[in-house]
Amino acid sequence: MTATKTLAPIPFPPLLPVGLVCTVLRPVLDRIVRRIAARHPEIFARVAPYERSDFVIVPQELPFALHLRPDPEAPLLRAVPRNRLPPHEARIEGRFLLLLSLVDGESDGDAAFFSRDLTISGNTEAVVSLRNALDDMDGSVAQEAADLFGPPGRAILAALRRRSGRQ
Amino acid sequence: MTGAEDFSAAGELVCPAGTPAALRTAVEAGADTVYCGLRNATNARNFPGLNFTPEELQASVAFAHARGAKVLLAVNTYPPAGQLALWHEAAAIGMRAGVDAFIVADMGVARHIAETWPRARLHLSVQAAASSPEAIRYYCTHFGVRRVVLPRILTIPEIRAIRREIPCEIETFVFGNHGLMVEGRCSLTNWLTGQSTNLDGVCSPAAEVTFERADDGTMRSCLSGFTIDRFAAGETAGYPTICKGRYAAPHRPEGYYAFEEPVSLNLGRLLPELMAAGVHAFKIEGRQRSKSYVRQVVGAFRRAVDSIRSGHDPDLADLVALTEGQKETQGAFQTKKWR
């Protein structure tokens, strides 16, 4: 799959308080980032100069963003309300399904940048380092995250892939 | 490495890998040969977070060899005067890892490898910008170069004529970045950043690049604080390199691409002609690209080459979505009038 502007939007319950969503997601995202860090310590070497840097990843159609700090000793991944982003070194923004496709190893970041579906700002070197680190793993971050939660996790990932036309 | 191995028959696919995972992806997608570099200035994709440690290179060579694929190590930048140690070390690492050939540009590096390991196989990088039979023969005679990667400035008839006059194999780019300028001699990025592809292995170092997006959707790409392009909302973008920048000039106040355009090379439709012209190997550019790019492009060209070998027309998938600026060209290979 390549970057495309035709990805279907993700429905999000408009009445759900975003703060509550972020709180509910906290243990889920924490478990994901610790699992990836434990199983793929090699990826941290590629982003080592920025291991204490804060990245925000902004899915355009969702009311929250992801805050990532790729510190191998204390990896951080949490959801934060879009209107209360923490200070950050770099910002990566795109539609949720595109971002998922990128961490799923199915889309090319440069192509998404060329098509203007992916926007980056801040420290470009930090973003490039992070991209290369995540790309140097067999399989997919998304799949490993889904596997962590068993059949329900895999079902959700499969549904999202179907929505983006990849299954 | 003995240097005496037979490389595959005409149409060998030489594919990029910026990480071990990309190398495995390339091999599994059908690469005959994969080229890569170490994590330093000895190769022309010295990008943050990219490339191989010596240990990763060794494991990757073993992986490729176990599956019948070859690995080339790019040592294709120019050492600053008196600072050869890093390049010599890179060659030694490559030898220990068992790479099948070195891609070199600098004569000093070529001589060092040829004298230290006489059986090592040398390929002449596009960064050497050798585009005449005389230049190519010089490298073959003095350093034992076995293959030349031709600059992207020649038509197919010119390649055919060169082939008849040189004693080595020819490799041409068939897909990817089309930032040719005068390959190996471009100093534009050096002018602004103090670093260059030729000496430091990096064109437009990411640390010097910024993208600024305005509320109206326009995006400005800057290098070392200088604006090199401004894209309208929704307009496709290119790499933030000076050669792909858009500039205003007295005769073109609206701004125009003065050097190159953000466009990618795609010679998919010319593969049969290139093979008939005596091109031995097809190179896919893109060590800086993702596994997804490698999987799609290598797979498409694998199927195309196999189709040609079996007497059928190449069946190339549409790769335009992966191209820079979402535009592709056949460049000088089709006509000298491409610009």
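The values are calculated or read from the model by the stated rules, or taken from the named source; none is laboratory data. These numbers were taken from a predicted model, which means no experiment stands behind them. Positions of Cβ are generated from backbone atoms using ideal geometry, with glycine treated the same way; all protein chains shown enter the neighbour counts. Keep in mind that these areas ignore ligands, DNA and RNA; they rest on the heavy atoms of the full protein, side chains included. Shrake-Rupley method; radii C 1.70, N 1.55, O 1.52, S 1.80 Å.
Screening A:ILE120 with (1) of a type outside the set (Gly, Ala, Ser); (2) under 30 Å from B:GLY238 (Cβ atoms); (3) more than 13 Å from chain B (Cβ to nearest Cβ) gives one miss only, at (3). The single condition among (1) within 14 Å of chain A (Cβ to nearest Cβ); (2) in contact with a Gly (Cβ under 7 Å, 6 or more places away or on another chain); (3) open to solvent by 60 Å² or more (accessible area, probe 1.4 Å); (4) not polar (S, T, N, Q) that B:GLY176 does not meet is (3). With respect to the stated conditions, B:LYS244 fails to be assigned by TED's automatic domain parsing to the domain that holds B:ILE103 and touching an Asp or Glu at 6+ places or on another chain (Cβ under 8 Å).
Among the strands (runs of 3 or more DSSP E) contained in the range A:23-142, which hold 1 or more residues that are open to solvent by less than 30 Å² (accessible area, probe 1.4 Å) and more than 28 Å from B:CYS203 (Cα to Cα)?
Numbers: elements: A:55-59, A:64-69, A:76-81, A:90-94, A:119-122.
Filter on the range A:23-142 gives A:55-59, A:64-69, A:76-81.
Would you confirm whether any residue within the range B:245-257 is assigned to a loop (DSSP other than H, G, I, E, B) and within 12 Å of chain A (Cβ to nearest Cβ)? Checking the range B:245-257: not a single residue is assigned to a loop (DSSP other than H, G, I, E, B) and within 12 Å of chain A (Cβ to nearest Cβ).
What number of residues within the range B:69-84 satisfy the criterion of being over 21 Å from the mean Cα position of the chain (by Cα) and farther than 22 Å from B:GLU183 by Cβ?
Taking the range B:69-84 and keeping what is over 21 Å from the mean Cα position of the chain (by Cα), we get B:80-84.
From what's left, farther than 22 Å from B:GLU183 by Cβ: B:82-84.
Selection size over the range B:69-84: 3.
For the range B:289-318, filtering for residues that are buried (at least 22 other Cβ atoms within 10 Å of the Cβ) and of a type in the set (S, T, N, Q) leaves 3.
Give the residue, chosen from B:ARG185, B:ARG146, that is touching a Gly at 6+ places or on another chain (Cβ under 8 Å), open to solvent by 10 Å² or more (accessible area, probe 1.4 Å) and touching a residue at least 40 places away in the same chain (Cβ under 8 Å).
On the way: B:ARG185 fails: touching a Gly at 6+ places or on another chain (Cβ under 8 Å).
After ruling out the rest, the residue left standing is B:ARG146.
Answer with yes or no whether B:SER221 is among the small types (Gly, Ala, Ser), buried (at least 19 other Cβ atoms within 10 Å of the Cβ), in a loop (DSSP other than H, G, I, E, B) and within 12 Å of chain A (Cβ to nearest Cβ). The answer is no for B:SER221. Being at pLDDT 95 or above and on the phi > 0 side of the Ramachandran plot narrows it down to one of B:GLY68, B:GLY37, so name that one. From the options B:GLY68, B:GLY37, the qualifying one is B:GLY68. Taken over the range B:48-74, the criterion of being not in a loop (DSSP other than H, G, I, E, B) and not hydrophobic (A, V, I, L, M, F, W, C) is satisfied by B:PRO54, B:GLU55, B:GLU56, B:GLN58, B:SER60, B:HIS65, B:LYS70.
Does B:ALA17 fit the bill of being touching a residue at least 24 places away in the same chain (Cβ under 8 Å) and crowded, with 24+ Cβ neighbours inside 10 Å? Walk me through it before giving the result.
Numbers: touching a residue at least 24 places away in the same chain (Cβ under 8 Å): yes; crowded, with 24+ Cβ neighbours inside 10 Å: yes.
When the stated conditions are applied, B:ALA17 passes them.
Are any residues in the range B:40-66 surrounded by fewer than 20 Cβ atoms within 10 Å (Cβ to Cβ) and not small (Gly, Ala, Ser), and if so, which ones?
B:ASN40, B:THR53, B:PRO54, B:GLU55, B:GLN58, B:PHE63, B:HIS65
Only one of the listed residues (B:GLY68, B:GLY108, B:GLY30) is over 22 Å from A:ALA48 (Cα atoms) and in contact (Cβ under 8 Å) with a residue 60 or more places away in the chain. That residue is B:GLY30. Among the residues of the range B:155-165, not a single one is within 22 Å of the chain's Cα centre (by Cα) and within 14 Å of chain A (Cβ to nearest Cβ). Residues in the range B:28-47 that are in a helix (DSSP H, G or I) and more than 12 Å from chain A (Cβ to nearest Cβ): B:ALA29 alone. Within the range B:204-216, the presence of a residue that is farther than 28 Å from A:ASP117 by Cβ and among the aliphatic types (A, V, I, L, M) is excluded. Checking each residue in the range B:321-332 for being of a type in the set (A, V, I, L, M) and either more than 9 Å from every other protein chain (Cβ to nearest Cβ) or open to solvent by less than 10 Å² (accessible area, probe 1.4 Å) (or both) picks out B:LEU322, B:ALA332. Evaluating B:GLY179 against the criteria (1) out of contact with any Cys (no Cβ under 8 Å at 6 or more places or on another chain); (2) within 30 Å of B:ASP318 (Cβ to Cβ) leaves one unmet condition, (1). Has the range B:284-291 got any residue that is within 11 Å of chain A (Cβ to nearest Cβ), outside any strand (DSSP E or B), within 28 Å of B:GLY201 (Cβ to Cβ) and of a type in the set (S, T, N, Q)? Yes, some residue in the range B:284-291 is within 11 Å of chain A (Cβ to nearest Cβ), outside any strand (DSSP E or B), within 28 Å of B:GLY201 (Cβ to Cβ) and of a type in the set (S, T, N, Q). Whenever a residue of the range A:115-143 is under 22 Å from A:ALA158 (Cα atoms) and among the β-branched types (Val, Ile, Thr), its partners that are open to solvent by 30 Å² or more (accessible area, probe 1.4 Å) and in a helix (DSSP H, G or I), lying with C-beta atoms within less than 7 angstrom and at least six residues away or across chains, give the pairs A:VAL141/A:VAL103; A:VAL141/A:LEU134.
Which residues, counting only those in the range B:224-244, are more than 12 Å from chain A (Cβ to nearest Cβ), in a helix (DSSP H, G or I) and either in contact (Cβ under 8 Å) with a residue 60 or more places away in the chain or surrounded by fewer than 23 Cβ atoms within 10 Å (Cβ to Cβ) (or both)? If the condition is that a residue be more than 12 Å from chain A (Cβ to nearest Cβ), in a helix (DSSP H, G or I) and either in contact (Cβ under 8 Å) with a residue 60 or more places away in the chain or surrounded by fewer than 23 Cβ atoms within 10 Å (Cβ to Cβ) (or both), then B:CYS243 is the only one that fits.
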